[in-house]
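Notes to accompany the following structure.
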Amino acid sequence: MIQFGFAAVFPVVSMVLSDVIAPRRVFPARRERHAPATKRGHIGRQMHDPTRNSAVFDAAKLIVAIAERQDRAAFGALFDFYAPRLKTFLMRRGATAELAEDLAQEALLAIWRKARSFDPARATASAWIFAITRNLRIDEARRGVKAQAVDFFDLIAPEEIAQPDAIVSAADSEARVRHAMKSLPDDQLDVVRLSFFEGRAHGSIADALQIPVGTVKSRLRLAMNKLRDLLSELS
Amino acid sequence: MSARRHPSDAALASYAGGTLDEARRLVVAAHLAICAQCRVAVSAFEATGGVILDDLEPTPLRQGARGAILEKLAAPFAHEPRPGNDEFAGPLAAYELGPWRWLGRGISWRRVDIPEAGNMRAFMLKAAPGTRLPHHKHQGAEWTCVLQGAYRHDDGIYGPADFDEADETIEHRPVVEAGDECICLVALEGQIALQGWVGRLLQPLIRF
């Protein structure tokens, strides 16, 4: 308890704590991506992020620490990295700043509660956190219509367990996904993000990027073909 | 049972990204429940979502947010009861279904209650072998997952677990194959303009 009051006041110290708990692991792809970031200057593309350098951590390890021993310091470290990014993500999905923050908090609470269902062999930490938040956002959007919570993303969890030799380790697959995405030209990656992950219509993407709708469609097609090829190697 | 016809990558990516409307999400989920290959693709797109998330610029939180959440960690949490039906396992289990209603020669349908408001609706369609499904044009997307049996149209045969993604440019006239009754789960956008006598019988369906 004491260490958390402390951590709230001195986030830098809490970063250090989290590093003690979870030794740093720098994703190679992320480091490469980070370097030329200032040249990219795309919508939403990272320009400068001090926490990126100081808190590149092994999120999977932190989630496992929560699952195994309800590790509050691990939770604090996840919170510091993800809550502000989830807020950004949810605002891009059309939530007000206030709702986005409430949902980001709910997502972090869900991470705390569901940590035991996280399986590093089946999903990367960021994918798991992304999926939890996505589902919360979906439930929130439905809430106004009818009180019903359907976690059908959970309902379709694959019943069969992959053979050990068929499992690509999560770290490996994350690196591969990063590599796949890094190999996409920025203009293609932008349309993928805006279309599939922010849910914007082709026309709205065309306006935002000041390109014709036909170009949006062709970039999407090219990007999907490439992603498909690259990601199919994961399976 | 393994599917031979799958949702497009764009459909799977939108599903993984959480940007599909609920009706289409349900139809894709029905396919995923059966198709391991597409589940792998969805996992890959979720991983892509994770990478996009990691690379987002952080937005500062309200003051005291961190302390507030840490205090909540110990609190017990309640499970909300889930509504649904007992007939289906998988994604459909979570939905209230209407009764089967007769529509005409060999065809019946039932409502699938989609809480999300919008222009997309979902329903199940059941047709006897040899039935010619109503000739129709649609104003937008019509996504279908075959749950049982098979039908055939210009693009070939669609059997169990197969996924059929049509839009306003496509005008099909499916015929149910011999064998089992064909049962499909359908997400449909907007109004459909039905033609012929079956169309007139089906028309009430689009007003539910």
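Show me A:64-71, B:107-114 ranked by packing, highest mean number of other Cβ atoms within 10 Å first.
Details: A:64-71: 17.0, B:107-114: 19.1.
Highest-to-lowest ranking by the protection proxy: B:107-114, A:64-71.
Averaged over its residues, how many other protein chain Cβ atoms are within 10 Å of peptide A:98-108's Cβ atoms?
Average per residue, whole number: 3.
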Can you bin the stretch B:1-58 into rounded, prolate or oblate? Criterion: square roots of the alpha carbon gyration tensor eigenvalues sorted a ≥ b ≥ c, rounded for a/c under 1.5, prolate for a/b above b/c, oblate for the rest. prolate
Could you state the number of Å between the C-alpha centres of the stretch B:92-108 and the stretch B:1-39? 22
Diffusion constant of the stretch B:1-135 at 10 °C, which comes from Stokes-Einstein with the Kirkwood Cα-pair radius and 1.306 mPa s, µm²/s: 85
Please give the average number of partner chain Cβ atoms lying within 10 Å of the Cβ of each residue in A:115-125, rounded to a whole number. 1
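For peptide A:217-225, what's the mean number of Cβ atoms from other chains within 10 Å of each residue's Cβ?
Partner-chain Cβ atoms within 10 Å, mean over residues of A:217-225: 2.
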What trypsin sites (Lys or Arg not before Pro) does the stretch B:1-73 have in DSSP loop regions with at most 15 other beta carbons within 10 Å? B:ARG4, B:ARG62
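Throughout, read-outs are computed from the coordinates displayed, never taken from laboratory work. None of these values were measured; they are calculated from a predicted model. Cβ sites come from the backbone with ideal geometry, for glycine too, and all protein chains shown count toward neighbours.
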